[in-house]
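Heads up, the thing below is written out as structure tokens.
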């Protein structure tokens, strides 16, 4: 069960790091420039950029939580069998 504990810890650490550094990840890789909005014409320039950045940041945080979740499951399995 040591392997599951190590894998769980690594997945949880990677997911937590992604969530914590989401804004830096978005800025570094320019992910906010790739976001497509449906009603972009209804917003002015600053609102559009702010909304794209927010949407990209939330997406990275969601992916971080999806990486974190298997680590949590691994740890629950490893410590439940004892």
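Since every read-out is calculated from the coordinates, none of them should be taken as a lab result. This one's a predicted model, so the numbers in the text were calculated from it and none came from an experiment. Don't worry about glycine lacking a Cβ; one is built from the backbone with ideal geometry, like all the others, and counts go over all protein chains shown.
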Checklist entry - What do you reckon, is residue 80 within 23 Å of residue 1 (Cα to Cα) and out of contact with any helix residue (DSSP H, G or I) (no Cβ under 9 Å at 6 or more places or on another chain)? => result yes
Checklist entry - Would you say residue 14 is free of Cβ contacts under 8 Å to residues at least 12 places away in the same chain and either in contact with a helix residue (DSSP H, G or I) (Cβ under 9 Å, 6 or more places away or on another chain) or crowded, with 16+ Cβ neighbours inside 10 Å (or both)? => result no
Checklist entry - So which residues in region 37-57 are in contact with a helix residue (DSSP H, G or I) (Cβ under 9 Å, 6 or more places away or on another chain), under 30 Å from residue 13 (Cα atoms) and without any contact (Cβ under 8 Å) to a residue 12 or more places away in the chain? => result 54
